[in-house]
Amino acid sequence: MNLSLISEKLGIPEWRLRGAIKRHSVQVLGYRGREVLVFRKDVAGVERGTVVFGDEVVRGYPKIKRALLLSAALRSWKAEQVAVEEKLNGYNVRAALVDSRVVGVTRGGYVCPYTTSKLREARECRRLLEDNPELMLCGEAVGTSNPYVVHEYPEAGEFGFFVFDVRHRDTNEPLSIPEKRRLLEEYGVQGVPLLGVFRREEAADRVLEIAQRLGAEGREGVVLKDWEMVEEPLKYTPSQTNLSDLRHAFAYPYDYGRDFLFSRIIREAYIAVEREMKGEELSDAAAALGRSILLPMVESIRRVMKGEVLGESYELEFRSEEELLEMLEFLRRQGVSVQVEVLEEGGRRVRLKKLRHASTDRIRAVLRSGT
Ligand code: ATP
Ligand code: MG
């Protein structure tokens, strides 16, 4: 690989890149006969999830800061206008051309075979990228048929891809919101909904209202962005989202990190304060938080008592058995343990159960020993 060319493209010193490879912060892999670099950590300002195919760079999607108290977070916002985009609940995918073909790269920097195959069915993304090969489409893959995050969106059906940022793949420089919207519209590529644009002073109140409405509709939340995309964006989620994350995570309490669980409990406290909850409203919120923690754990313990192995199921459709095998190999390499149930002859429709061994084993041990 031409590391000097790659470091130049990434704008980092070559010795930093070599050092990172030696420390395994950057992994060297193969993809379709090419050497590939995957950034497993940030290196000299180059984001985790960055991937380099030969010498074709796809930069990692940057972290988005979370607003816990909207009013306070927006006080340090410098831009006058706040654009409110919907935050869709799926998984982050960057679509870009590699060897002149569309690939779908996960947040961590791996080409997901399933997502890639789905993206290749959409002609619009391909045309946009063929005309603008220096760009990548950063979007959320959502719907009911994927092996990562199942969430029903009436507008997406089984699989939908909604673009939220268009960025230069070498530098990660984003297009402004109006430029992005114009380009997506020109090619007929779906973008995430823009829910409103507000003056900074009124934004916190409007966003609280919007978030509450989204929460009631079972939708995840919002991302606040500067129209010019200069200011750092902020994400915000309503209570319902935090509680549904907790319900999911506490069903597998030993598989999720404590930070994941704790951070979501903390968010509820700030929401209660910002919304000035008192009396009955506050005690209802407390009960709802408690339910989202206790009930899933009790249910999981009872499942293990009955001899079940904990896990979540995903129904997927593949175009061929070869594609299924490729996806299973991909998941295996990611360290995911799955059980496969074929729902249709030829292995095209399958149910994958991701097994949660850590939680199953530890609960089993407590049930056996009592300690
Ligand atoms: P982060 O590293 O950003 O904290 P996370 O895994 O904790 O990531 P989330 O809490 O889901 O992620 O929030 C950020 C993610 O939200 C983005 O990586 C992206 O996949 C998703 N997202 C959905 N809608 C949007 C949107 N409109 N704009 C930006 N990101 C969005
Ligand atoms: Mg997400």
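The table for this structure:
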| item | result |
| --- | --- |
| Qualifying positions in the stretch 15-64 - within 16 Å of ligand 2 (Cβ to nearest atom) and small (Gly, Ala, Ser) | GLY49, GLY60 |
| Selected residue (only one of VAL304, VAL309 is in contact with a helix residue (DSSP H, G or I) (Cβ under 6 Å, 6 or more places away or on another chain), surrounded by 14 or more Cβ atoms within 10 Å (Cβ to Cβ) and assigned to a loop (DSSP other than H, G, I, E, B)) | VAL309 |
| Subset of the stretch 75-93 that is in contact with a Phe, Trp or Tyr (Cβ under 6 Å, 6 or more places away or on another chain) and within 23 Å of SER263 (Cα to Cα) - its residue that is surrounded by the most Cβ atoms within 10 Å (Cβ to Cβ) | LEU88 |
| Residue in the stretch 159-181 that is closer than 20 Å to ALA122 by Cβ, open to solvent by 10 Å² or more (accessible area, probe 1.4 Å), in contact with a Phe, Trp or Tyr (Cβ under 8 Å, 6 or more places away or on another chain) and not assigned by TED's automatic domain parsing to the domain that holds GLU317 present | no |
| GLY221, sole failed condition from (1) at pLDDT 95 or above; (2) over 25 Å from VAL82 (Cα atoms); (3) within 16 Å of ligand 2 (Cβ to nearest atom) | (2) |
| Output for the stretch 199-221, where each listed residue is surrounded by fewer than 20 Cβ atoms within 10 Å (Cβ to Cβ) and outside any helix (DSSP H, G or I) | ARG199, GLU217, GLY218 |
| Residue identified as away from ligand 2 (no atom under 16 Å from the Cβ), open to solvent by less than 20 Å² (accessible area, probe 1.4 Å) and over 17 Å from GLU326 (Cβ atoms) among ALA67, ALA96, ALA72 | ALA96 |
| Filtered residue count, the stretch 158-187, keeping only those that are away from ligand 2 (no atom under 16 Å from the Cβ) and not in a helix (DSSP H, G or I) | 13 |
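The values are calculated or read from the model by the stated rules, or taken from the named source; none is laboratory data. Keep in mind the model is a prediction, meaning the values are calculated, not measured. Cβ sites come from the backbone with ideal geometry, for glycine too, and all protein chains shown count toward neighbours. Heads up: the accessible areas ignore ligands, DNA and RNA and are worked out on the full protein's heavy atoms, side chains in. Shrake-Rupley method; radii C 1.70, N 1.55, O 1.52, S 1.80 Å.
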